Structure formats: structure tokens, C-alpha cells
2 protein chains.
Amino acid sequence: MPSPYLLFLGDTTEPGYAKTAFGLRDWARDRCVGEFVLPGATVTTGLPQLTPAQAWTDGARALVVGVANSGGFIAESWIPALEEALEAGLDIISGMHARLTDISALVYRAEQLGRQLIDVRTPPPDIPIASGRKRSGKRLLTVGTDCALGKKYSALVISRALRERGISADFRATGQTGIIIAGAGIPMDSVVSDFAAGAAEMLTPDAAEDHWDVIEGQGSLLHPSYAAVSLALLHGSQPDVIVVCHEAGRERILGHEEFRLPSIDETIAVNLLLGRRTNPAIRCGGVCLNTSSLSEAEANALVAAEEARLGIAVADPMRGGPALDRLIDSCLSA
Amino acid sequence: MPSPYLLFLGDTTEPGYAKTAFGLRDWARDRCVGEFVLPGATVTTGLPQLTPAQAWTDGARALVVGVANSGGFIAESWIPALEEALEAGLDIISGMHARLTDISALVYRAEQLGRQLIDVRTPPPDIPIASGRKRSGKRLLTVGTDCALGKKYSALVISRALRERGISADFRATGQTGIIIAGAGIPMDSVVSDFAAGAAEMLTPDAAEDHWDVIEGQGSLLHPSYAAVSLALLHGSQPDVIVVCHEAGRERILGHEEFRLPSIDETIAVNLLLGRRTNPAIRCGGVCLNTSSLSEAEANALVAAEEARLGIAVADPMRGGPALDRLIDSCLSA
């Protein structure tokens, strides 16, 4: 994929929908030269705000659509900005459901200018129906109480922490941002539903007995729109260990305010209940709490309180420290 | 769709995989002139065995691929038979995942001869992400302990029984066979997984408060391959009533012998647990027992025993009688 990147935020006002841009800033910072926003946007990555022409001068070679809105559509109002990027010399990378290559204006300009339009939310061909067969190696899956609260970051931190301990571990990306970060993966939400569990099996093949696949979770089993994706991933990845991810203070489902957030306890219980179908030995390794809205003192207090209440390891993976070490220990304990 | 039909069984030896042919024989008998089998097939619908040329003479205008194998593939060995059908004057209707229009030999012959290739397993365009919004009207969903054991037949019988009582009711098809029978529906297992719950919402729109949508279930929440489809359908159809379908005597998952069948009790519990997310008032209306392998006396004894054991209405919908009346009463009781 061409890089470095200019991160396009469109006119986004909801930080939860800019997670592709944040993910690349945080996990591929050396490949990001700046951000490009439209009037009306209130979300920022904190990177330099650049026009496509300025970004090209600063070394950028591709614009990445950094937004992951509900439905994955490319807004009509973004097209002139995307054309401007092509004209400035940038290729375009998108992980939206809507495909760049289906937008005739972009296809026309890209062809004229010799630029690439790269849609990363494209499942591989020939995904099999899931077999349910037990595979060798160890698997950890991050699951959540909702979307957009830390399942990808948690998986990235856990896979890095395992490697720092000298353990063979792969981060397995299941969404657009993870795939751009890792350079590989399967966009689970884009797979035809009959084959979705099979895609998860394909993503985490047989491995050495002491190898860990750390799999990026998707959605939530208790989400009114996306639970099917979560269940396919749970069944197909047949995790030995789940880690439940939750954002401190979130009480309603993002974008579906009429739905209360499930509790951490409920989320553990329903994942173990259903996960047991393909891995009877499934267990919960702990909880990753996203405490980004809290001070360090508040965060530490909440982590300690939740650990006492739940009786399992709890950590904010982004804050690290001894809590994260205990969480990793808990995931590894047989 | 062109009809009457010649039902193509290929070289199928597993009755569970010939459910499209059986479904059309049982629910669209007046549109079926016969069956067409290849050497090696042991499954039969009991209809006259005809060549495509004989079927044309008897009035057939389309060959329907009557097989629903795991993965939905069109076997290489079937192609000459399908070409023979085109040559005899028949169009071809298929509900497989693999598309007739992707098989160049068939496309070439069909164009040459002026025949149609009709792929019914095609989701509608512009399916929205599920909103989770409560819709007006009543909904009943058949759910199962496995695939291919009576969810479609049960929904067809229940919708007919409701109409016979003067109640407004629609059968809502979610699979290939149901769609050919009903002439409408959405093939749930072919929808991209992020949109699958949205497809179920689209299938069962707002309706009059006393109208019932009776929705054909798919797979099983405890199936190692297809549970995602079942969960999307459960969340998106937000049923007021579920009816659990089970085949007497089946102990292992069809085609996945290493997985034991979940019990009826487990199946009720997990469907109510997850279904409550989009309809807190969800309840189980009863159990449809497929007793086709039993004598009438054995079937009646089993239905009575299961009714006593479970404490809810149990009936074999294909045998009808007072047990079915009690099941319908139970589904309608508020």
C-alpha cells in the first residue's frame, strides 16, 4: 500500500466514527504526515492540518479515508475533496463498505491522472463454510460491551506485550483500520453471513502449540445491529481466552441511545455461553477498561474497584503498568 | 418466474441437502412436473423421473436446482445436465451461493438458445444497517436446534393456520426454497454480515397491530457454521413469539457429527436470552417436532411426552390435529 498517509476526516463531529484516523495516528504514526478536514468537522487527530497539495510536499503518497461511520458510506460532499487529493498526486485508500471503484467521478479522475483507488474492505475469495474443527495453537479474542471502545487497541497492546515476553504472537486484524495497520487481515463485517464464521477460521489457521493469535474483536453480541458479526468471529476464532473491553462511563450503545449498554458481567457470561460451542475450554482472561476520559488517579481507582468487584484482572491497556502485567499473566495462566 | 418446474436433484445422497426439491414438491406441487436425477443419486421426491426433454413435453418451462448443499456450490459434474435442460427448452432457476451467471459454459449456451438463468439467492440492493427500532405488528420466528429439520415447513403451516382462523398473516421467506415458494423474500445467508440484521428488519416492516409476520428461521444459534445468520434474523425480526423446531431422534449436527445437537430447552433459553435485546417481551410459543421418521402412534406419544416434560405446547405441524390447534392458541395468547 502506498504511504505515508494524509488522514481524511471529512466533516465528522463524532469521535467514535473517526477511529480509522485515530488508529493510524496511534499505531502507524511514522506513516502519517497530517490530517485533512472539511468545514464543519469538530474531530481532530492533533496532527498538522494540511491540504492535499501541502501533504504531497511533506511526503504523503496516499489519502486514507479515516472515518468509519455507521453503514460505511462515502458522503457525496466528500467527493470534491477526494478529487482534490487525486489531483495533488495522492492515491486513495478506503475501508468503507461503499467502494471507491463504484464512484464513477473518482474512477474517471484516477484513470486520467494515473492514481490508484484502493478498497481494503474486500474479503478474500474462496472463504469456506466453517468446519468447527479444533485448530492447534492458542487464541485470544477481544470482545466488547459496544463498538468503538478499544477492542483493536487492546488486541494490539496484548499482542505486543506477549512478544515483549518472548512469546510468539500475531495480531489478527478483522476491520479496516487494523488491516491498514497490520498490512493483512479479513474485514469480517464485509463477508457474506453464511461464510462469516469460515472467514474467522481462515484468519487464524493451525499454528504451533505455544503460538498466540490475538484477534481484534468486532461489535458486541448484545449490539442490536452488529451482533451477527461478533458471533461469527467468536465461533470461528474458537478462542481459548476472551478479554472483555469496555469504556468507563459509557451507558448507552453508540448511535443507538435507546439501548442501554450491557454490563461487563453480562458480556462475559454471554460470550462464554456461546463461545463454549466451538471451544469448551473458553475462559475470560480479564477486562480492558478504556479510561481515556478519566484522570490517572480516577483511572487507577476505577481499575482497582472493578478488579475487586469482578474478581478478575482489570487494566487500561493504554496506561500499561502492573495492572496490564497482571492481565497478561491472567490470560496466559492455564 | 417461469414454471412449471422440473426438480433437479443432481447426484445427492443426503436427504437433508435436497430440501429445495422437497419444499417445492410439498408447497408448490401444482408447479412441479417431475424430477431429474444423475447416476449415483439415492434421494428422490417421489415425483416422476423425467429427462429434460420429457419434462418439456409434460409442460415444464424451468429446471429448478433442488439441492441445498453445504456451501451452496454447483458441482462441475452437474454442468452437462444443466446444458441438457437449456437445450430441451428449459430456463434454469437456482438458489445456490454459486451463481449460474458466473458459469461461462451455461451463460454461453443460455445466450445461444435464448434461455434465462435466474439466481434467486440475490439480496436486494440498499439494505440498511439495522436500527433496532420497534416496529408495529406482530412477529413469529421459527428457530431450530439445527439446519434442515422443519423451520420453513413450520412457518408455512403456522401462517396458513393463522389465515384459516381469519387472522391476517404473511409467510416471510428467508431462504432460497421459501423464496421460490412465496415468490418473495430475502436470502438471509447471502447478505453481507454487517447488514444482515438490517435485512431482517427490511423483510418484516411496520404492519397493522393485529397482523402477523411468520418468519422462516435459518440455522441455529448453536450451529458452529451458521449461528451468525440465526442471530441477525433473531435481532432484526424482533419476534414477539419464537417456535422452536426440532427433529425427533436427531442427536448430532447435520454434516458436523462431532457436535452434539443442543437440547430443546437450551435452544429456547439461548434464543430468549439474545432475542430480548430487541424485543424484551419475546416468549416461546411452543415446539414444532418433526416426527416424519416415526409412526403416528409413536409420534403422538412423543408429542404428549415432550409437552408434559417441557410444559409448553408441542405439535408436529405436518400431522396437524388438536396438538397443532393448541400450539397456535399458545402462540396467539398474549
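In a simple Cβ point-charge model (Lys, Arg +1; Asp, Glu -1; nothing else charged), chain A has a dipole of about 760 debye relative to its Cα centre.
In terms of Cα to Cα distance under 25 Å, which lysines are near enough to residue A:152, apart from those fewer than 8 places away along the same chain? Candidates past the 8-residue exclusion: A:19, A:134, A:138. Toward the positive end of the charge dipole of the protein assembly as shown, with +1 on the Cβ of Lys and Arg and -1 on the Cβ of Asp and Glu, the farthest Cα among A:21, B:287, A:156 is that of B:287.
What does the structure give for B:274-280 when I average, per residue, the other chain Cβ atoms found within 10 Å of the residue Cβ?
Mean shielding by partner chains, rounded to a whole number: 3.
Around the amide H of residue B:142, modelled in the peptide plane, lie the amide H atoms of B:215, B:217, B:243, all under 5 Å away and 5 or more residues distant in sequence or on another chain.
Which one of A:272, A:41, B:36 has its Cα pushed farthest toward the positive end of the charge dipole of the protein assembly as shown, where Lys and Arg give +1 and Asp and Glu give -1 at the Cβ? Of the options given, the answer is A:272. About the centre of its Cα atoms, region B:5-119 shows a dipole size close to 260 debye [charges on the beta carbon of Lys, Arg (+1) and Asp, Glu (-1) only; nearest 20 debye].
Helical runs (DSSP H, four residues minimum) scored at -39500 (n - 2.57) apiece and divided by the length of the protein assembly as shown put the mean residue ellipticity at 222 nm at -10000 deg cm²/dmol.
The other copies place their residue B:326 label points at 5.6 nm from this one, listed shortest first, where each point is 7 Å from Cα along Cα→Cβ.
Charging the Cβ of each Asp and Glu at -1 and of each Lys and Arg at +1, and nothing else, the dipole of the protein assembly as shown about its Cα centre rounds to 620 debye.
Its residue count N sets the reference 2.2 N^0.38 Å, and the alpha-carbon radius of gyration of region A:5-119 equals 0.95 times that reference. Springs between Cα atoms under 10 Å define the GNM used for chain A, and in it the highest mean-square fluctuation of A:52, A:224, A:317 occurs at A:224. Close amide-amide hydrogen proximity is noted between residue A:284 and A:242, each under 5 Å apart and 5 or more residues distant or on a separate chain (H modeled in the peptide plane; Pro and chain starts excluded). Residue A:210 label point, 7 Å along Cα→Cβ, cut-off 19 Å on backbone N: hits in region A:160-181? Output list for this probe position: A:160-171.
With a Förster radius of 25 Å, plug the Cβ-Cβ distance of residue B:111 and residue B:57 into 1/(1 + (r/R0)^6) and report the FRET value to the nearest 0.05. Result of the calculation: an efficiency of 0.55. For chain B, set up a Gaussian network in which alpha carbons nearer than 10 Å are linked by springs, and say which option among B:193, B:104, B:168 fluctuates the most. Answer for the Gaussian network model of chain B: B:104. Averaged over the residues of B:251-262, the number of partner chain Cβ atoms lying within 10 Å of the residue Cβ comes to 1.
No value in this document is a laboratory result; all are computed from the given coordinates. Since this is a predicted model, take the numbers as computed values, not measurements. For neighbour counting, all protein chains shown are included, and Cβ atoms are generated from backbone atoms with ideal geometry for every residue, glycine included.
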